[in-house]
Amino acid sequence: MQEAEGTECTCRPAAPVAYDHSRSAPEESRMPFTRSRILYVTDLAYEARGRRYCDEDIYLTSRLREEFDLALCHPRDAAALLDAFDAVVVRNSGPVQGYEAAHAAFRERATERGTRVYNQLTGRADMVGKQYLLDLTAAGYPVIPTVDRAEDLHRLPVADEYVVKPRLGADSAGLGIVPAGRVAEALDGAGDLLVQPRVDFAYEVSFY
């Protein structure tokens, strides 16, 4: 700057100012992680008969978020993301059944790394199909009798109607009600199906 006649310039170049960005961040964002991190695997677009799955996901995750740091992901992304979390919750077998290869890759990686997964990957119930219904029937447990071959239909109780459903299925997808006289026809070349007598009950009881 040019000095005016008879005056002395007192201006000095401005020194760089160090700005502490952390001061502007909310205190909560700078706190260390103290809660377990949960990866919640579901398909928000999954269509189930008679109800909206995404509404249930919203409610379930809102409750989990009270206790955990939580993120939702699609079944296709689970294998790639699981390393950043302490545990993984897989909603159930319905949302993952359309993505068998991706879910198999997730199961393999989670097993290799010892990741906590709920329901556990060692389970033998709906998450891996309905073979357990045949096993329990064969073992004589008091369950709804189930067979998977036309030649075994005589082992079922006599009923007016029978339920025919996929061995790998959930949420009534692919389920049909068949008159007694057409059950063998329904099984013929229809794929991997199970048959049970139709039982008229008010609600299903789940055990945990």
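The values are calculated or read from the model by the stated rules, or taken from the named source; none is laboratory data. Predicted model only: the values in this text are computed from it and were never measured. Because the Cβ atoms are built from the backbone with ideal geometry, glycine has one as well, and the counts that use them run over all protein chains shown.
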Segment 38-47, subset buried (at least 16 other Cβ atoms within 10 Å of the Cβ) and of a type in the set (A, V, I, L, M, F, W, C), residue farthest from the chain's Cα centre (by Cα) = Ile38
Given the residues Gly169, Gly94, Gly174, which is the only one that is surrounded by 12 or more Cβ atoms within 10 Å (Cβ to Cβ) and on the phi > 0 side of the Ramachandran plot?
-> Gly174
Of Tyr53, Tyr19, the only residue that is modelled with pLDDT under 95 and touching a strand residue (DSSP E or B) at 6+ places or on another chain (Cβ under 9 Å) is Tyr53
Checked segment 72-108 for anything small (Gly, Ala, Ser) and in contact with a Ser or Thr (Cβ under 8 Å, 6 or more places away or on another chain); matches are Ala87
Do the conditions hold for Gly191, that is, is it modelled with pLDDT under 85 and either assigned by TED's automatic domain parsing to the domain that holds Ala80 or under 30 Å from Asp83 (Cβ atoms) (or both)?
-> no
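Within segment 150-157, is even one residue part of a strand (DSSP E or B) and not basic (Lys, Arg)?
Residues of segment 150-157 part of a strand (DSSP E or B): none.
Looking for residues that are part of a strand (DSSP E or B) and not basic (Lys, Arg), one finds none in segment 150-157, hence no.
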Given the conditions (1) out of contact with any helix residue (DSSP H, G or I) (no Cβ under 7 Å at 6 or more places or on another chain); (2) over 26 Å from Ala48 (Cα atoms), every one holds for Ala159 apart from (1)
For segment 87-122, what are the residues that are over 25 Å from Cys54 (Cα atoms) and part of a loop (DSSP other than H, G, I, E, B)?
-> Gly114, Thr115, Thr122
State whether one or more residues within segment 106-114 are under 28 Å from the mean Cα position of the chain (by Cα), of a type in the set (Phe, Trp, Tyr), closer than 30 Å to Leu81 by Cβ and at pLDDT below 90.
-> no
Residues of segment 42-86 satisfying the condition of being among the small types (Gly, Ala, Ser), in a helix (DSSP H, G or I) and over 28 Å from Leu175 (Cβ atoms) = Ser62, Ala79, Ala80, Ala84
